[in-house]
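The values are calculated or read from the model by the stated rules, or taken from the named source; none is laboratory data. This one's a predicted model, so the numbers in the text were calculated from it and none came from an experiment. Note that each Cβ is placed from the backbone with ideal geometry, even for glycine, and that neighbours are counted across all protein chains shown.
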Amino acid sequence: MESLARRHDFIGVEDATYLYTGAESAPLKSQAQTLERYLQERAHGEAGRAEHIHTEQRCKRRLADVMGCAADDIGLVGSASEAIVLIASGVDFKPGDNIVTNDLEFPSTVLPWIQMKEHGVAVRLVRSRDWQFTPEDVVAQIDERTRLVAVSHVSYLSGLRLDLAPIAHAAHAHDALLLADVTQSLGVVPVAVADYDFAVASTYKWLLGIHGGGVLYWNRTRVPEFAPGAVGWYSVDNFLSEDRFEKITWKPTAERFELGMPAHAAIYALENGVRYLQQFGTDRIGAHVEALGAELIEGLQGQGWTVMTPVERARRAGNISIAVEDAVTVRDALIEKDVHTWGGDGRVRASIHLYNDSSDVESYLAALRPFAPGR
């Protein structure tokens, strides 16, 4: 199976096996020119700042097209972790409330809620079985005191892809909020955020951006009065108004989550990355990674590995994980053979994106063979 994108467009995928996208993507070569353009425009003073703003708006429009929302629903912050904290700080939790999450979450999607325990808020943790759980398992934990459900669309740990529609329905039936972490899905499989109250994502993984950016989606129709628990000059409608020392007038868009000057270098790179992805469309990218993932899973099972990721295509995306007791040792051995994966938490994770092909699967399987349980 051939790659969907031209491998020559990326650094590091022609002379190595790059299966590391769940941690960070292979860099687009065009990012060098994009960042050069950012620097050149910055040198133009006020005119350059106007170009920065235009690029930011283009970036949001591109993201809105991919996510199925309005550009004004999207805020660009420093990271997905920052986005989660900004959302958490705006929820009016009371003692006796509860938050529902699960044990396959990345720490950033759990730690803010652990902190809430100090204020009498309970954290209900859905426990996975064989690295999986169902939407029904989450729904069963939601009740009239649930204030928020925090769940990833695709697990960073096992690669489980979750149908969030029934979770959203149950949360909203109990007047709870749904916060979806779409870091491991946005850019690689279809993501439709209209049912969510909030969604967050990193920019340097499947979206082909660089470090220093985060995407925050706010459903302004469902929770129109929501405001984060932090504010900066960029969050308000007119930061130089005469009454600025007397009251806060929030921007009506998701820019209210952007506290200060945006990280324009990261935004330039994100706009470039999303523009590149739009050439192919998420449906095509998703079909590619699902088919190539099927090749990989078949090969892993043939070697006797315990595959943590669901076999069914609709229940996985780009991440394919196997249970490995000494994952760091195996990962390091793979690196010596120019095979890049993520190893830790008792598993090795291979991440397939649009620039991967069957030769990557073959190289990975060959490098794994000496460690295989079925050798």
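At a glance:
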item	result
Any chance Pro228 is of a type outside the set (Ser, Thr, Tyr), crowded, with 22+ Cβ neighbours inside 10 Å and part of a loop (DSSP other than H, G, I, E, B)	yes
Residue count for the stretch 1-42, restricted to those that are within 20 Å of Ile335 (Cβ to Cβ) and among the polar types (S, T, N, Q)	3
Boolean, Ser158 is within 9 Å of the chain's Cα centre (by Cα), modelled with pLDDT of 95 or more and among the small types (Gly, Ala, Ser)	no
Residue check for Val307: modelled with pLDDT of 95 or more, outside the structural domain of Arg37 (by TED's automatic domain parsing) and buried (at least 16 other Cβ atoms within 10 Å of the Cβ)	yes
Residue within the stretch 10-28 that is closer than 28 Å to Gly232 by Cβ, in contact with a Lys or Arg (Cβ under 7 Å, 6 or more places away or on another chain) and in a helix (DSSP H, G or I) present	no
All positions within the stretch 163-181 that are touching a Phe, Trp or Tyr at 6+ places or on another chain (Cβ under 8 Å), outside any strand (DSSP E or B) and not small (Gly, Ala, Ser)	Leu164
First in the stretch 287-312 and on the phi > 0 side of the Ramachandran plot, second anywhere and in a loop (DSSP other than H, G, I, E, B) and hydrophobic (A, V, I, L, M, F, W, C), Cβ under 8 Å, 6 or more apart	Gly304/Ala372
Only one of Tyr20, Tyr38 that is outside the structural domain of Ile267 (by TED's automatic domain parsing) and either more than 21 Å from the chain's Cα centre (by Cα) or surrounded by 15 or more Cβ atoms within 10 Å (Cβ to Cβ) (or both)	Tyr20
Unique match (being crowded, with 16+ Cβ neighbours inside 10 Å and either in a loop (DSSP other than H, G, I, E, B) or outside the structural domain of Tyr156 (by TED's automatic domain parsing) (or both)) among Ile322, Ile335	Ile322
Near pairs, Cβ below 8 angstrom, 6+ apart or cross-chain, from the stretch 224-242 (touching a residue at least 40 places away in the same chain (Cβ under 8 Å) and of a type in the set (Gly, Ala, Ser)) to any residue that is in a loop (DSSP other than H, G, I, E, B) and surrounded by 14 or more Cβ atoms within 10 Å (Cβ to Cβ)	Ala227/Gly90; Gly229/Gly90; Ala230/Leu259
Where a residue in the stretch 329-352 is on the phi > 0 side of the Ramachandran plot and its partner, wherever it lies, is of a type in the set (Phe, Trp, Tyr), with Cβ under 6 Å and at least six apart	none
Residues satisfying the stated conditions in the stretch 14-27, i.e. touching a residue at least 12 places away in the same chain (Cβ under 8 Å) and over 26 Å from Arg161 (Cα atoms)	Asp15, Ala16
Residue match in the stretch 207-220 (condition: more than 19 Å from Met67 (Cβ to Cβ) and assigned to a helix (DSSP H, G or I))	no
